[in-house]
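The values are calculated or read from the model by the stated rules, or taken from the named source; none is laboratory data. These figures come from a predicted structure and were not determined experimentally. Reconstructed Cβ throughout: ideal geometry from the backbone, glycine too, with neighbour counts over all protein chains shown. Please note that ligands, DNA and RNA were not included when accessible areas were found on the heavy atoms of the full protein model with its side chains. Shrake-Rupley method; radii C 1.70, N 1.55, O 1.52, S 1.80 Å.
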Amino acid sequence: MGVWKITGGNKLYGDLRVQGSKNAVLPIMAAAIVTGCETEIINCPQLSDVDAAMEILRHLGCKAEREKDIVNIDSRSMTCTDIPRDLMSEMRSSVIFLGAILARTHEAQLTYPGGCELGARPIDMHLDALKRLGASIDERGGKLECRDEGLLGARIVLPFPSVGATENAMLAACGAKGTTTIVNAAKEPEIVDLQEFLRKLGAEVSGAGTSTVTISDFTPHAHVGHRVMPDRIVSATMLCCAAAAGGAVTLHGVMPDDFETVTAALEDMGCLVERRSKTVKIVCDSPLRASKLITTRPYPGFPTDAQPLLMASCLKAAGTSEFTENIFENRFRHVAEMRRFGADIKINGRTAAVTGVRELHGAEVNATDLRGGAALVAAALGTEGETLLTDTGHILRGYEALDKTLTALGADVSYEPEEDESLASAM
Ligand code: UD1
């Protein structure tokens, strides 16, 4: 169990460069096996989820090596078609490898990724999409046995614009003959980054960023280089940390349009936000007012991942802020922990009402999930006194050196990894 020690009360000042996107790089790493090739992925964040994806690639027989922020993958040597239970359970989004393995080898054996901290998170849409392309999938005893006699392009209509199902369908479609059309596709910026990467690999893909994505042909390329897009949720996190703590912070190397809904909400609350083409500056030097109703929706709506983070900025804001969570069934687990700081939050079904309090105090809290954990760090920055935040590794799944980044901005934050983690990083 790692422990974050945060002494609140310091305002944040300074500049930072935002890491590459976790949710973009994971499907891109899976895409690297769609054909046998050498891939150089630049701006690859140093995260435990990325390490888990590298482990999966190595298990499959690929080479995967990191040098600083570059991950090199050679998938020509891929021999295996299975992902064992321990690797599947390390990262829920490992299911994204299913479409990629099928595209390459026409058979795959995985264990069911199962539930997670945000609720049940089924994969029915992923499997239905692959079946539409001609895969037969046998689900027994938590195992998935998939094979096909040659995938064929098809029209796939998703009942909900699932990010993962859109990505899985895109990857499998790269191994299909003929044209695949994904209708009601997710429009998230990470899908656009995946499209860019697949084009470099040799796929004819269009429509990413709209609700219809088409994949029509594949002419494999041997060497591919790609720079991963900046992480819009990390960008949102740093803005919310500045709003919770006060101060003035400039983010560099970001794509401001990708997290416009978050900056707009912070502006409504009284923060000053200056956007340029690749930078966003936030200034929070006066007390904030409550946020208007925040309703999470698929992109371009307000991101569910930023819901706990914006909530952290609202804990002392004057008035009552309301949040309605529409994407995941169990995404208010951070609320019970935020109450330990003295926050006044009431939950009614899918809605949480946060009434700003004058003061918050440090507390002993527990990271409930990745973004919920980061939200507790943000909230702790705005408290008086010391917080001990215990974490079984959630935050490291998505944030590279968050303790050092915040310290450089003037926060009093340290992270003590659990023994196994510190040994691993020493090796
Ligand atoms: C991705 C992101 C995650 C983000 C989420 C929503 C990655 C690695 N993760 O997760 O950070 O919070 O998008 O923006 O990119 N669903 C089904 N059946 C399915 C698939 C999804 O019922 O087959 C449901 C889920 O349970 C959830 C909703 O659809 O309630 C949205 O899920 P989805 O868009 O698929 O999210 P992920 O791809 O898992």
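Restricting the trypsin sites (Lys or Arg not before Pro) of region 332-427 to loop positions (DSSP other than H, G, I, E, B) with no more than 13 neighbouring Cβ atoms within 10 Å leaves Arg358.
Cα-Cα over 25 Å: which of Lys22/Lys200; Lys292/Lys316; Lys22/Lys63; Lys22/Lys177; Lys143/Lys187? Please list the in-between numbers first.
Numbers: Lys22/Lys200 20 Å; Lys292/Lys316 15 Å; Lys22/Lys63 20 Å; Lys22/Lys177 30 Å; Lys143/Lys187 30 Å.
Pairs exceeding 25 Å: Lys22/Lys177; Lys143/Lys187.
Grab the Cα-Cα distance for Arg66 and Arg289, subtract it from 0.36 nm times how many residues apart they are, and report the gain in nm with one decimal.
So the extension gain works out to 75.8 nm.
Counting only protein chains, not ligands or nucleic acids, how are Met1, Met269, Met125 ordered by accessible area (probe 1.4 Å), most first? List each step's numbers first, then the result.
Working: Met1 110, Met269 0, Met125 40 Å².
Accessible-area ranking of Met1, Met269, Met125, largest first: Met1, Met125, Met269.
Within the full protein context, the accessible area of His126 is estimated at about 10 Å² for a probe radius of 1.4 Å.
When the solvent-accessible surface of protein heavy atoms is calculated with a 1.4 angstrom probe, in what order do Leu293, Leu370 fall, highest first?
Numbers: Leu293 100, Leu370 15 Å².
The ranking, largest first, comes out as Leu293, Leu370.
Annotation: His226 carries an accessible surface of approximately 10 Å², with a 1.4 Å probe and no ligand, DNA or RNA atoms counted. Only loop residues by DSSP count here, and only those with at most 16 other Cβ atoms within 10 Å; note down the GluC sites (Glu not before Pro) in region 321-371 that meet that. In loop regions of region 321-371 (DSSP not H, G, I, E or B), the sparsely surrounded GluC sites (Glu not before Pro) are Glu329, Glu359. At a probe radius of 1.4 angstrom, the accessible area of the chain per residue rounds to 40 square angstrom. On the principal axes of its alpha carbon atoms, region 1-156 extends 60, 36, 31 Å, with the longest extent given first.
How long are the semi-axes of the equivalent ellipsoid of region 220-342, defined as square roots of 5 times the Cα gyration tensor eigenvalues? Whole Å, largest first. If you can, show how the numbers build up before the last one.
Details: eigenvalues 145, 73, 30 Å².
For region 220-342, the ellipsoid semi-axes come out as 27, 19, 12 Å.
Shape call for region 105-215 from the C-alpha gyration tensor, a ≥ b ≥ c root eigenvalues: rounded (a/c under 1.5), prolate (a/b greater than b/c) or oblate? Oblate shape, in that a/c is at least 1.5 and b/c is the bigger or equal ratio.
The dipole here belongs to the chain: it is taken about the Cα centre, uses +1 on the Cβ of Lys and Arg and -1 on the Cβ of Asp and Glu, and is about 980 debye.
Simple spin-label estimate for Asp51 and Lys177 gives 4.4 nm between the two label positions (7 Å along the Cα-to-Cβ direction from each Cα). Projected label points at Arg58 and His223, each 7 Å from Cα along the beta carbon direction, are separated by 2.5 nanometres.
Using a 1.4 Å probe on the protein heavy atoms, what percent of the accessible area of the chain belongs to carbon and sulfur? The partial results should precede the final answer.
Values: 8230 of 16970 Å².
Here carbon and sulfur together make up 49 percent of the probe-accessible area.
Which trypsin sites (Lys or Arg not before Pro) in region 52-132 pass both tests, a DSSP loop state and at most 16 other beta-carbon atoms within 10 Å?
Working: sites: Arg58, Lys63, Arg66, Lys68, Arg76, Arg85, Arg92, Arg104, Lys131, Arg132; in loops: Lys68, Arg76.
Answer by residue number: Lys68, Arg76.
With contributions of -39500 (n - 2.57) from each DSSP H run of at least four residues, the per-residue ellipticity at 222 nm computed over the chain stands at -9000 deg cm²/dmol. Among Gly410, Gly373, Gly20, the largest mean-square fluctuation in a Gaussian network model of the chain (Cα springs under 10 Å) belongs to Gly410. Computed over protein heavy atoms with a 1.4 angstrom probe, the accessible surface ordering of Tyr399, Tyr112, Tyr13, largest first, is Tyr13, Tyr112, Tyr399.
Taking 8 Å as the Cα distance limit and 6 or more residues as the minimum spacing, I'd like the relative contact order of the chain as a percentage.
Values: 1047 pairs, mean separation 87.6, N = 427.
For the chain, the relative contact order is 21 percent.
Under 17 Å of direct C-alpha separation, and excluding same-chain neighbours fewer than eight residues apart, Lys281 reaches these lysines: Lys11. Return P(r) of the chain (all Cα-Cα pairs; 20 Å bins starting at 0; whole %; ordered from short to long distances). The distribution over the chain is 27, 56, 17, 0, given as percents.
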